[in-house]
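The next block holds one structure in the form of structure tokens; read it before the comments.
The values are calculated or read from the model by the stated rules, or taken from the named source; none is laboratory data. Note that this is a predicted model, so its numbers are computed, not measured. So basically every Cβ, Gly included, is an ideal-geometry build from the backbone, and we count neighbours across all protein chains shown.
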Amino acid sequence: MSNLYDGVLPYDDLAPIERMDALIAPFSIDRRLLETTLLALEAIDTTIARLLVEGVLDSSRNFYICQDQSVKLLLEEVTEEPIAHKQFTEVLLLLNETRLNFRFTAARKFAIEDSSVKQLRINSWGKLFIETKALITQYGALYKQLTACITQLISDKKSTYQEITDLLSQPIQSSTAKRIAELNTKLTVKLLS
């Protein structure tokens, strides 16, 4: 009898970068979309650290992007091309399966009733993948545009982003969760912790 995990067991002991190299070939995943999605996650992470939590080492690690759509909208804005929902979701699933990012259903503390809402961010393996594959060099102009776009989005709503990061840095109570939800309705790139 076939086991559900037979197809993935050979990859389980591989490090995330090796796992990605092994898994991307058998699937018809758009490599450019995969790599630029990872770069978008990196641009968001580094820009949050630079603009919102200055001087606190690795403090951006406390924040997650709320909703896959936040990343998709940023990419579509910069590339001026629509991205198919199914294709984008497949890329996010592969990034998650290879452990180059963190992506999971929004934490219960935020009282988000829609279980399809995810929170996500790049992790250290994703950053190493970008470095190892020289993606910032390969996609230099696009990465600069992604960084400029997220910088502008944050600058345009600086007080809202500052309030939400302050709230996310505290224990989340019911009233705090409601306020975070209200603030996120005003943002293109939404945040959670």
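Put simply, of LEU23, LEU38, LEU34 the only residue that is within 30 Å of ASP166 (Cα to Cα) and either part of a helix (DSSP H, G or I) or modelled with pLDDT under 90 (or both) is LEU38. Select from segment 97-110 the residues that are at pLDDT 95 or above and either acidic (Asp, Glu) or outside any loop (DSSP other than H, G, I, E, B) (or both) and write down the one among them that is farthest from LEU33 (Cα to Cα). If we take residues in segment 97-110 being at pLDDT 95 or above and either acidic (Asp, Glu) or outside any loop (DSSP other than H, G, I, E, B) (or both), then LYS109 is farthest from LEU33 (Cα to Cα). Surrounded by 14 or more Cβ atoms within 10 Å (Cβ to Cβ) and either basic (Lys, Arg) or touching a Lys or Arg at 6+ places or on another chain (Cβ under 7 Å) (or both), is that true of ARG99? Yes: the conditions hold for ARG99.
For the list (1) at pLDDT below 95; (2) under 21 Å from CYS149 (Cα atoms), I need the number of the one condition that GLU80 fails. Unmet condition: (1). When segment 159-193 is filtered for residues that are in a helix (DSSP H, G or I) and in contact (Cβ under 8 Å) with a residue 40 or more places away in the chain, the ones remaining, listed by number, are TYR161, GLN162, THR165, LEU168, SER174, ALA177, LYS178, ILE180, ALA181, ASN184. Of all the listed residues (GLU77, GLU131, GLU113, GLU81), the sole one being in a helix (DSSP H, G or I), of a type in the set (Asp, Glu) and exposed (fewer than 14 other Cβ atoms within 10 Å of the Cβ) is GLU131.
Does SER70 fit the bill of being at pLDDT below 95, part of a helix (DSSP H, G or I), closer than 20 Å to LEU187 by Cα and of a type in the set (Ser, Thr, Tyr)? So SER70 fails the test.
A quick yes/no check of all residues on (1) in contact with a helix residue (DSSP H, G or I) (Cβ under 7 Å, 6 or more places away or on another chain); (2) without any contact (Cβ under 8 Å) to a residue 24 or more places away in the chain; (3) at positive phi:
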position	(1), (2), (3)
LEU41	yes, no, no
ALA49	yes, yes, no
GLN67	no, no, yes
VAL71	yes, no, no
THR98	yes, no, no
ALA111	yes, no, yes
